[in-house]
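Reviewing the structure listed below.
The values are calculated or read from the model by the stated rules, or taken from the named source; none is laboratory data. This structure is a prediction, so every number in the text was calculated from the model and none was measured. Using ideal geometry, Cβ is built from the backbone for each residue, glycine included, and neighbour counts are taken over all protein chains shown.
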């Protein structure tokens, strides 16, 4: 398995494909990520047709157990982000 692609490598790859300077591509990627983050913070779903959807999921508070001590603990309610891949992405990944 290859090493993960980090943000700077992603920016460099997209800049090379589009013949745009890395400085401009950095601004574009940063703004894209910020916009997705803001939409999710408002509870909106972000759909990128063919690629996938980012959605928030709410978990209720629950009781749990500390595996080391067996002591009962309270697990607070939380909101997490989930990604649902689209058909085009699924097909592209399954071909590799």
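For residue 24, work out the one condition from (1) more than 18 Å from residue 81 (Cβ to Cβ); (2) at pLDDT below 95; (3) surrounded by 11 or more Cβ atoms within 10 Å (Cβ to Cβ) it doesn't fulfil.
The one condition residue 24 does not meet is (2).
Given the structure, is residue 59 in contact with a strand residue (DSSP E or B) (Cβ under 8 Å, 6 or more places away or on another chain), on the phi < 0 side of the Ramachandran plot, surrounded by 10 or more Cβ atoms within 10 Å (Cβ to Cβ) and at pLDDT below 95?
Considered against the rule, which asks whether it is in contact with a strand residue (DSSP E or B) (Cβ under 8 Å, 6 or more places away or on another chain), on the phi < 0 side of the Ramachandran plot, surrounded by 10 or more Cβ atoms within 10 Å (Cβ to Cβ) and at pLDDT below 95, residue 59 comes out as yes.
Please go through (1) surrounded by 10 or more Cβ atoms within 10 Å (Cβ to Cβ); (2) out of contact with any helix residue (DSSP H, G or I) (no Cβ under 8 Å at 6 or more places or on another chain); (3) under 30 Å from residue 32 (Cα atoms) for residue 73 and return the number of the only condition it doesn't satisfy.
All conditions are met except number (3).
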